[in-house]
Amino acid sequence: MAAADTVALIERYYRAFNAGDGEAMLACVAETVVHDVNQGARRTGKDAFRAFSAHMERCYAEQLKNIVVMATADGTRAAAEFEVLGTYIESDEGLPPASGQTYHLAAGAFFEVENGLIGRVTTYYNLAAWLRQIAPPAAARL
């Protein structure tokens with residue numbers, strides 16, 4: 001797979017993400033996809049990927065902007081840098097309560113591509129920056 005084909009695959013994956021089209025995202029990943037989540041456990045397989053995506057859609061409304069995708073010449077590896085514009089819509093286990101807080105983060109992802117599909121995706125963002133952005137405002141002092 002050429003670099004241009006890999007870039008097109010990753011761009012298609014992110015277009016599906018921004019469109020909220022989970023099935024189109026799944027069409028971009030291998031049956032045995034490995035998904036390394038920022039600050040989370042490794043998930044393996046399309047079923048685990050589908051479950052994670054459903055969880056994310058329930059708790060977060062996100063759009064990715066300014067996506068830049070780079071690939072190795074042989075197309076087996078890729079990286080993407082982007083901005084996440086989001087709203088925390090439902091409390092996620094182990095995290096502060098959600099109340100519609102908005103956030104804007106820089107993020108990145110690394111990919112392995114095999115047989116024209118994403119075999120691994122590893123996502124990174126600054127969790128401390130996200131927590132600062134969704135923290136409740138300081139209580140007003142009398």
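The values are calculated or read from the model by the stated rules, or taken from the named source; none is laboratory data. Keep in mind it's a predicted model, so treat the numbers as computed, not measured. Don't worry about glycine lacking a Cβ; one is built from the backbone with ideal geometry, like all the others, and counts go over all protein chains shown. Please note that ligands, DNA and RNA were not included when accessible areas were found on the heavy atoms of the full protein model with its side chains. Shrake-Rupley method; radii C 1.70, N 1.55, O 1.52, S 1.80 Å.
Could you identify the single residue in N18, N38 that is more than 17 Å from V113 (Cα to Cα) and modelled with pLDDT of 95 or more?
Among N18, N38, only N18 is more than 17 Å from V113 (Cα to Cα) and modelled with pLDDT of 95 or more.
Which one is least open to solvent (accessible area, probe 1.4 Å), of the residues in the range 10-47 that are in a helix (DSSP H, G or I), among the small types (G, A, S) and touching a helix residue (DSSP H, G or I) at 6+ places or on another chain (Cβ under 8 Å)?
A16
Which of the residues that make up the range 96-126 are open to solvent by 70 Å² or more (accessible area, probe 1.4 Å) and β-branched (V, I, T)? Break it down into steps so the answer makes sense when it comes.
Just the residues of the range 96-126 that are open to solvent by 70 Å² or more (accessible area, probe 1.4 Å), to begin with: 97, 99, 102, 104, 106, 110, 114-115, 124-126.
Within the range 96-126, just T102 meets the criteria.
Of the residues that make up the range 127-140, is at least one buried (at least 17 other Cβ atoms within 10 Å of the Cβ), aliphatic (A, V, I, L, M), out of contact with any Cys (no Cβ under 9 Å at 6 or more places or on another chain) and not in a strand (DSSP E or B)?
Yes, there is a match, as at least one residue in the range 127-140 is buried (at least 17 other Cβ atoms within 10 Å of the Cβ), aliphatic (A, V, I, L, M), out of contact with any Cys (no Cβ under 9 Å at 6 or more places or on another chain) and not in a strand (DSSP E or B).
Picking from T102, T123, which residue would you name as being more than 17 Å from Y14 (Cβ to Cβ) and in a strand (DSSP E or B)?
T102
Test R58 against the criterion of being part of a strand (DSSP E or B), of a type in the set (D, E, K, R) and closer than 27 Å to Q101 by Cβ, and give yes or no.
no
When you scan the range 58-95, how many residues do you find that are open to solvent by 40 Å² or more (accessible area, probe 1.4 Å) and closer than 16 Å to N126 by Cβ?
Result for the range 58-95: 5.
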